[in-house]
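Below: one structure, written as structure tokens.
Here, each number is a calculation from the coordinates, and none is a lab measurement. Given the structure is predicted, the values throughout are model-derived calculations rather than measurements. Positions of Cβ are generated from backbone atoms using ideal geometry, with glycine treated the same way; all protein chains shown enter the neighbour counts.
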Amino acid sequence: MKLKHVYIIFGVSGSGKTTIGRLLAKELNIPFYDADDFHPQSNIKKMSDGFSLDDNDREPWLHILTDQIKNWHHDKGAVLACSALKIKYREKLESFHPNLIRWVFLEGDYEIISERLKARKDHFFRSELLHSQFETLEKSTRGISILVNQSTANMIIEIKSKLNAQKSQIGLFGLGVMGKSLTKNIASHHFSLSVYNRNVEAKEVDVAKNFVKELSEDVKPFDDIETFVASLEQPRIIMLMISAGPTVDQVIKNILPFLDSGDCILDGGNSHYKDTIRRELKLSKQGINFIGVGISGGEEGALKGPSIMPGGSKKGYDLCASFLETIAAKDKTDRACCSYIGLNGSGHFVKTVHNGIEYAEMQLIAEMYHLMRNFLGKKPDEIYKIFTSWRTRNKDSFLLEITTDILLKKEGTDYLIDKILDKADQKGTGGWSSISALEMGTPFSTVSEAVMTRFLSAKKTERVKASTLYPLENSTSHEDIEIIIQHLEEAYYTASIINHAIGFDLLKQTSLEYDWNLNLSEIARIWTNGCIIRSDLMEKITTLFFNTGETPLLLFPEVVTLMRAGINKLTFVVASGLQMGCALPVLSAATNYFLNYSAEQMSANMIQAQRDYFGAHRYQRVDKKSGEYFHTDWKN
Ligand code: 6PG
């Protein structure tokens with residue numbers, strides 16, 4: 001149900017709150033209430049006796065009013081006349097939903113107000129108390145301010161026009177699919193919002209204007225940058241929802257002339273973290289707060305609540321924290337899946353690693369499906385049942401969930417999945433995370449294999465030709481197939497744990513390199529809802545890292561137990577699958593990673609010997625001190 005605004009007319013006693021409040025309520029066709037009517041009897045007596053109320057007296061009164069305001073939001077809205085002299089009273093009154101309160105301050109100096117009061121009869125408030133009211137009054141820049149030394153008719157006209165012209169709290173730039181969904185999300189939380197989309201003849205005409213017509217909330221549309229920026233409250237918060245790359249630099253260049261020091265730009269696209277580092281540095285020198293905001297959850301997440309990974313200016317984050325945390329998904333304890341990640345490019349980097357993990361998780365599920373569908377003779381509805389049963393055993397994930405939906409989708413009597421061309425596209429974030437791992441010197445094989453597998457899938461024509469040259473011979477018995485199927489669940493889960501260990505390890509290494517001080521538990525927590533890689537496993541990882549982010553995931557005792565239970569099944573499935581001719585690149589990469597990771601002896605002694613042989617690169621010895629290097633003349 002759509003919540004309604006409550007207009008609070010505030011100011012000292014005698015400023016005309018009741019008169020103006022009643023008139024405004026009539027104009028807006030909503031009920032009027034006078035806060036004085038909600039005072040406990042003890043307060044009324046105290047004021048009638050000529051004493052001022054103190055904070056203790058006001059406490060129960062504000063409490064009653066706050067409850068009433070909540071009811072009015074859910075009903076028709078209301079106009080409330082209330083002194084609300086201190087900022088903390090106003091904060092209490094708007095505590096249910098700050099965005100739904102419209103503050104109207106009635107402003108007049110002591111002389112004018114005292115004259116008005118002296119002229120009043122039948123009112124329990126005594127004019128001598130006015131001094132104390134003026135002393136208590138704390139002005140604020142929130143809402144609108146109306147001078148009382150004019151006719152009530154004029155005051156109403158001015159209130160209406162100022163309310164209409166009120167600036168927006170948030171500006172959203174770019175109304176593509178994600179921008180539109182995010183706009184709906186922001187507006188549904190009653191933030192006042194201006195949206196901008198460029199006008200391109202015959203291509204993008206009146207996009208913003210037409211889009212806001214679809215919305216039930218009041219959103220202001222713009223296709224001119226200057227007026228869009230001018231429509232925003234200062235310091236301004238502008239969220240860019242545009243394609244990553246040079247467009248971001250161009251848009252920043254276009255809006256910069258209209259910004260003031262202290263304003264905040266948020267880049268909500270999948271930008272490369274190094275671009276974000278560069279942009280943040282440049283803009284900070286001009287006094288602009290820049291935040292690279294990783295947003296995950298696709299179109300639906302943006303609409304219903306995504307996982308949000310903001311990194312950059314901390315001052316900027318503080319400015320928009322309540323906005324970002326309000327629109328984010330909520331975790332199982334109802335905390336926002338949004339947390340300040342760290343300085344400069346850290347938010348976008350964390351999103352890139354999220355996408356790396358996402359690539360490998362998608363490929364893992366795809367390999368499970370491929371093995372069952374094309375080698376173990378299972379139909380999509382049978383695979384659906386198998387995946388669905390895994391979901392009930394603490395292995396649920398968003399990706400598994402959507403896969404089960406995909407498997408049941410039919411066109412007539414045919415399964416749609418069978419009709420989809422097996423060439424995978426990519427926009428690049430999986431590759432970026434792999435490049436980062438190479439730069440960091442950190443193993444990242446599951447993700448890199450997922451990226452490479454997408455590349456290989458694109459060579460469709462060549463693959464088709466090769467398949468005729470290398471036909472498969474499959475002699476797997478019915479019994480073997482049953483055993484493989486029994487082991488798939490644990491094989492999948494074990495590989496998924498390894499993939500997550502690899503992803504979090506890259507976060508840790510990069511954090512050290514850039515001094516970001518990433519909090520792995522908090523990152524896992526904000527990935528428990530709203531994002532593409534949300535899963536039961538992510539919940540478990542959040543808890544494990546909560547106690548210590550220092551221990552590598554695969555060394556936690558609880559994970560060791562899981563790995564010991566699953567690793568033989570993983571190796572069996574990989575070996576059997578490969579034997580049958582089924583490529584399992586990410587399952588294999590996970591297996592190889594783990595077998596090497598858990599091996600005291602790897603093959604690297606031979607690599608070192610070879611390097612020394614042909615390049616005199618030298619090697620260390622197990623029987624000598626660490627750090628001491630040796631060279632051998634291998635031919636003699
Ligand atoms: C998300 C997704 C999102 C997008 C990917 C797709 O977290 O919401 O990751 O960012 O869907 O960029 O990436 P590819 O096109 O590279 O698969």
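For the residues Thr542, Thr66, what sequence is obtained by ranking on other C-beta atoms within 10 Å, fewest first?
So the residues, fewest neighbours to most, are Thr66, Thr542.
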In a solvent-free Debye calculation with one equal scatterer on each Cα, what is log10 I(q)/I(0) for region 1-131 at q = 0.14 Å⁻¹, listed in the order of the q values?
-0.62
Scattering curve values for the chain, log₁₀ I(q)/I(0), Debye with Cα scatterers, q = 0.06, 0.10 Å⁻¹
-0.47, -1.00
Convex hull of Cα atoms in region 158-201, direction-averaged projection (nm²):
4.1
What is the fewest-to-most order of Lys419, Lys395 by other Cβ atoms lying within 10 Å of their Cβ?
Lys419, Lys395
For Ile541, the net charge from surrounding residues (Cβ-Cβ under 11 Å; K, R +1; D, E -1) works out to -1
Where labels lie 7 Å past Cα in the beta-carbon direction, separation of Arg120 and Lys419 in nm:
7.4
Nearby lysines by direct alpha-carbon distance to Lys427 (threshold 26 angstrom, same-chain neighbours under 8 apart not counted):
Lys180, Lys184, Lys203, Lys253, Lys274, Lys304, Lys351, Lys409, Lys419, Lys459, Lys460, Lys508
What are the extents of the Cα atoms of region 416-463 along their three principal axes, listed from largest to smallest and rounded to whole Å?
40, 22, 16
So which lysines can Lys315 reach, going by Cα to Cα under 18 Å and dropping same-chain residues fewer than 8 places off?
Lys282, Lys285
Descending principal axes extents, region 463-601, alpha-carbon based, whole Å
52, 39, 34
Semi-axes of region 252-372's equivalent ellipsoid from the Cα gyration tensor, sqrt of 5 times each eigenvalue, largest first, rounded to whole Å?
30, 17, 11
Roughly how many Å is it from the Cα centre of region 319-354 to that of region 608-635, as a whole number?
48
In region 67-146, the GluC sites (Glu not before Pro) that sit in a DSSP loop and have at most 13 other Cβ atoms within 10 Å of their own Cβ are Glu138
Run the simple label-point estimate for Asp54 and Phe134 please: 7 Å along Cα→C-beta, distance reported in nm.
2.4
Distance from a point 7 Å along Cα→Cβ of Glu411 to each backbone N in region 357-385: keep the residues under 19 Å and list them by number.
380-381
Give me the tail of P(r) for region 1-55 as a percent: Cα-Cα pairs with distance above 14 Å.
63
Partners for Lys26 among lysines (Cα-Cα distance below 25 Å; same-chain residues under 8 apart left out)
Lys2, Lys4, Lys17, Lys70, Lys76, Lys121, Lys160, Lys162, Lys167
Using a simple charge model, +1 on the beta-carbon of Lys and Arg, -1 on the beta-carbon of Asp and Glu, nothing else, what dipole does the chain show about its Cα centre, in debye to the nearest 20?
640
Compute the signed sum of charges (Lys and Arg +1, Asp and Glu -1) over the other residues within less than 15 Å, Cβ to Cβ, of Ile295.
+1
Round to a whole angstrom and tell me the spacing of the C-alpha centers of region 235-303 and region 485-549.
27
When every alpha-carbon pair in region 93-202 is counted, what percent end up more than 16 Å apart?
72
Rounded to the nearest 10 degrees, what's the angle between the helix 445-457 long axis and the longest principal axis of the chain, both from Cα atoms, 0 to 90?
80
Would you mind computing, in nm to one decimal, how far apart the modelled labels at Thr543 and Arg621 are, each placed 7 Å from Cα along Cα→Cβ?
5.0
Give me the tail of P(r) for region 497-570 as a percent: Cα-Cα pairs with distance above 18 Å.
39
Where does each of Cys582, Cys531 land when they are ranked from fewest to most other beta-carbon atoms within 10 angstrom?
Cys582, Cys531
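Enter the per residue convex hull volume of region 307-385, computed from alpha-carbon coordinates, in Å³ rounded to the nearest integer. Spell out each step's value before the answer.
On the way: hull volume 8.2 nm³, N = 79.
In region 307-385, the Cα convex hull volume per residue is 103 Å³.
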Evaluated over region 596-636, the Cα radius of gyration and Dmax, each in Å
11.3, 36
Return the Cα extents of region 364-503 along principal axes one, two and three, sorted largest first, each rounded to a whole Å.
46, 42, 33
Note: region 454-512 at 25 °C, 0.890 mPa s; Kirkwood Rh on alpha carbon pairs; Stokes-Einstein D in µm²/s works out to 158
Net charge (Lys, Arg +1; Asp, Glu -1) of residues whose beta-carbon lies under 10 Å from that of Lys17, Lys17 excluded, is -1
Which value results for Rg/Rh of region 524-636 when Rg is the Cα radius of gyration and Rh the Kirkwood radius based on the inverse mean 1/r?
1.12
